[in-house]
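The values are calculated or read from the model by the stated rules, or taken from the named source; none is laboratory data. On a predicted model such as this, the values are computed, not experimentally measured, just so you know. All Cβ positions, glycine included, derive from the backbone under ideal geometry; neighbour counts span all protein chains shown. Surface areas here come from the heavy atoms of the whole protein model, side chains and all, with no ligands, DNA or RNA. Shrake-Rupley method; radii C 1.70, N 1.55, O 1.52, S 1.80 Å.
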Amino acid sequence: MALGEITLRANNNNCSNSRGASLTRQTTLFDALGSAQRRNKRLRRPQSLSSGQENTPPEDSDGTGVAAKAAKRIRTDTSICITPTQNQPSRKPAWTISAIGGARGLYSPHAALKARQHHVIAPRSISTIGRFSAMVSPAEAVFRLYSDAEPQLNTLPLACKYSSVAGAQRSRLALADEAGHVSIFDTLNIDTAESATDAGLQPIARWRAHDNAVFDIEWSSDNTQAVTASADECCRLWDVESQQQLGSFVGHSQTVRAVSWRHEDHHCFATASRDGAVMMWDARCNKTWCEDGYVHRPVNTINRAHYGVWSSKLSTRGKKHITGGSVTAIQHLRHNTHLLASAGSTSEVVKYWDVRMRAAPRASALPTPVASSLLLSSTKRSRGTSSLVLDSDGTRLYTACNDNRLYVHNALAPGLPIAQLSAPEFECQSFNIGLAASPCGRHLAAGSSNGNVVVWELDRFGHNSSGRRAVLQGHTKEAGCIAWYPGKDRTQLATCGDDGILRIWEENQMLADAARTDPAKRFFWGTSKVHNSPQPAP
């Protein structure tokens, strides 16, 4: 079974029983893997000669066996990419033994991805990471957040997201801060001329969404609504144009950390909280009217989604206790709208849930995900995951973990991470480090605890085989929030840091050269630098 065929699609296959009644059977990942095992079993059998003959290898008159002829047909010792010559006809790339899953000939998606060499970016191949040397953030593209009570103090930004680009509709940037405000920016018309004022970037709309910090904000698919997740243990749905509250979603017992809309659906979304629960919501149902508007209740709940196990030092018997870990990030998958990926503060494991799954019958029972990624940590103890992000085509899932590494997962076939990314300029020491994937899928940007923003160049399988990366320097403290402009007509990034500054980065070679030569601009502006050296070995 090919890699694209091993998916998590939950298709309803109709079958009939002996009485003629129609039954509905749920096809899951394990059915797909079972069919792959049956196919591999058929591959191990010798081929049948013809109908009516025994399935035994024939004897050759010249003394050569079947194995020798098979070795002539399949060259397992040749290179994967064979360069055609004038005397040798071109042939298809041959698979090595490791690429097809070992000497037994079984297909392994992860082994195949790791064994392919034709996707590696050669040092002399065409690279687009050099364009990031022209990325600059001038003073006119900076917005500084101040506290309402004390204007001399900065307010920390906690989340920033771009709206999607649909037709002629412009993309807007939403910014949420710890004071509970939501600001909307139009980042496409920034005046960077010499005669421009030093007022900086100004929002086109700003309102107070919560009385506490807003940790996440997410646009709906039609760009008319936005959901905010706050530390006041609730979420709120807003009409962006009128800044009117459309509903309040109450159910969590601690801070709501993340929110994710279902793909191409502006009614259903999911939230993750520090109480260890993942809740699914539907804005059309399960609501009651009160003085402040509609109050919604969750339609489904997964409690203790990322529980942790620890040993008590006070106990002489060394008993292990199960604690409910915080769920730090969630992400709806695109190839199946019923699947949800989540990550927690206890380990680097990514769990996949079916949002239609009901709660466990017993309160003490732990939930069982549909699938989970395997643990691949570079340290002796497990560390948590800060954020999740899905690429533009929905096939790769990137995670930022507290072991200073980024892991690349295959969203269609969960298992071991297919790659990992690291850099000397990248540090992930908190659960506020964000990720952003480019619309073209060739670059991945991540914030850092030291204030840098690192952009990796990726091949078509999500590997940073060339080691090329760009470093954006403009924040003096931790850069946690990052967003990538969704349109392909320009390269634009938005970054936020604990220094209370929102920066908009764009490609402008003239301004980038001026920022490097002028000491005053180099201090206040944001500049970039490209590194071509290979990344350190894991």
### Query
Of all residues in segment 344-355 being open to solvent by 10 Å² or more (accessible area, probe 1.4 Å) and not acidic (Asp, Glu), which is modelled with the highest pLDDT?
Lys351
### Task
Taking the options Val408, Val389, Val455, name whichever one is touching a helix residue (DSSP H, G or I) at 6+ places or on another chain (Cβ under 9 Å) and aliphatic (A, V, I, L, M).
Val455
### Query
Of the residues Asp232, Asp216, which single one is under 21 Å from Lys161 (Cβ atoms) and either open to solvent by less than 20 Å² (accessible area, probe 1.4 Å) or among the β-branched types (Val, Ile, Thr) (or both)?
Asp216
#### Entry: Single match in Arg460, Arg442 (criterion: within 18 Å of Thr491 (Cα to Cα), in contact (Cβ under 8 Å) with a residue 60 or more places away in the chain, open to solvent by 20 Å² or more (accessible area, probe 1.4 Å) and not hydroxyl-bearing (Ser, Thr, Tyr))
Arg442
### Query
Among the residues of segment 385-431, how many are part of a loop (DSSP other than H, G, I, E, B) and of a type in the set (Val, Ile, Thr)?
2
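Restricting to segment 388-419, and then to whatever is under 15 Å from Ser347 (Cβ atoms) and of a type outside the set (A, V, I, L, M, F, W, C), can you tell me which residue is modelled with the lowest pLDDT? It would help to see each step written out before you state the result.
Initial filter on segment 388-419 (under 15 Å from Ser347 (Cβ atoms)): 388, 399-403, 405, 407, 409, 414, 416-417.
Now drop any that are not of a type outside the set (A, V, I, L, M, F, W, C), which leaves 399, 402-403, 405, 407, 409, 414, 417.
Details: Thr399: 94, Asn402: 90, Asp403: 89, Arg405: 91, Tyr407: 92, His409: 92, Pro414: 86, Pro417: 90.
By that ranking, first place goes to Pro414.
Can Pro369 be described as assigned to a loop (DSSP other than H, G, I, E, B), modelled with pLDDT of 90 or more and under 25 Å from Ala483 (Cβ atoms)? Give the steps one after another, and end with the answer.
On the way: assigned to a loop (DSSP other than H, G, I, E, B): yes; modelled with pLDDT of 90 or more: yes; under 25 Å from Ala483 (Cβ atoms): no.
Spelling it out, it is not the case that Pro369 is assigned to a loop (DSSP other than H, G, I, E, B), modelled with pLDDT of 90 or more and under 25 Å from Ala483 (Cβ atoms).
Is it the case, given these coordinates, that Gly447 is assigned to a loop (DSSP other than H, G, I, E, B) and either surrounded by fewer than 19 Cβ atoms within 10 Å (Cβ to Cβ) or touching a Gly at 6+ places or on another chain (Cβ under 8 Å) (or both)?
Values: assigned to a loop (DSSP other than H, G, I, E, B): no; either surrounded by fewer than 19 Cβ atoms within 10 Å (Cβ to Cβ) or touching a Gly at 6+ places or on another chain (Cβ under 8 Å) (or both): yes.
No; evaluated as a whole, the condition is false for this residue.
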### Query
Ala283 fails exactly one of the following numbered conditions: (1) farther than 23 Å from Leu390 by Cβ; (2) surrounded by 13 or more Cβ atoms within 10 Å (Cβ to Cβ); (3) at pLDDT below 95. What is the number of that condition?
(1)
### Query
Would a scan of segment 405-415 turn up a residue that is among the aromatic types (Phe, Trp, Tyr), in contact (Cβ under 8 Å) with a residue 40 or more places away in the chain and open to solvent by 20 Å² or more (accessible area, probe 1.4 Å)?
no
### Message
Trp238 - would you say it is aromatic (Phe, Trp, Tyr), open to solvent by 10 Å² or more (accessible area, probe 1.4 Å) and farther than 12 Å from Ala159 by Cβ?
### Response
yes
### Task
Give the number of residues within segment 128-147 that are open to solvent by less than 10 Å² (accessible area, probe 1.4 Å) and without any contact (Cβ under 8 Å) to a residue 40 or more places away in the chain.
0
## Note on the structure
If we keep only residues of segment 201-225 that are closer than 30 Å to Lys521 by Cβ and in contact with a Phe, Trp or Tyr (Cβ under 6 Å, 6 or more places away or on another chain), then the residue modelled with the lowest pLDDT is Leu201
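Filter segment 506-538 for residues that are under 15 Å from Gly451 (Cα atoms) and of a type in the set (A, V, I, L, M, F, W, C); which is least open to solvent (accessible area, probe 1.4 Å)? Give the derivation first.
Quick first cut of segment 506-538, residues under 15 Å from Gly451 (Cα atoms) only: 523-529.
Cutting the leftovers down to of a type in the set (A, V, I, L, M, F, W, C) gives us 523-525.
Values: Phe523: 157, Phe524: 130, Trp525: 28 Å².
For segment 506-538, the residue satisfying everything is Trp525.
Take Ile433 and decide whether it is modelled with pLDDT of 90 or more and of a type in the set (A, V, I, L, M, F, W, C).
On the way: modelled with pLDDT of 90 or more: yes; of a type in the set (A, V, I, L, M, F, W, C): yes.
Here the answer is yes, as Ile433 does meet what is asked.
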### Query
So, in segment 241-251, of the ones that are assigned to a strand (DSSP E or B) and polar (S, T, N, Q), which residue ends up surrounded by the fewest Cβ atoms within 10 Å (Cβ to Cβ)?
Gln244
### Message
For segment 336-356, which positions are under 15 Å from Asn303 (Cβ atoms) and among the hydrophobic types (A, V, I, L, M, F, W, C)?
### Response
Leu340, Trp353, Val355
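Residue-by-condition table, conditions (1) more than 12 Å from the chain's Cα centre (by Cα); (2) among the polar types (S, T, N, Q); (3) more than 21 Å from Asn336 (Cβ to Cβ):
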{"residue": "Ser387", "(1), (2), (3)": "no, yes, yes"}
{"residue": "Ser392", "(1), (2), (3)": "no, yes, no"}
{"residue": "Asn410", "(1), (2), (3)": "no, yes, no"}
{"residue": "Pro414", "(1), (2), (3)": "yes, no, no"}
{"residue": "Pro417", "(1), (2), (3)": "yes, no, no"}
{"residue": "Ser422", "(1), (2), (3)": "yes, yes, yes"}
### Task
Take segment 334-343 and flag every residue that is within 16 Å of Leu435 (Cβ to Cβ) and either open to solvent by 20 Å² or more (accessible area, probe 1.4 Å) or in contact (Cβ under 8 Å) with a residue 60 or more places away in the chain (or both).
Ala341, Ser342
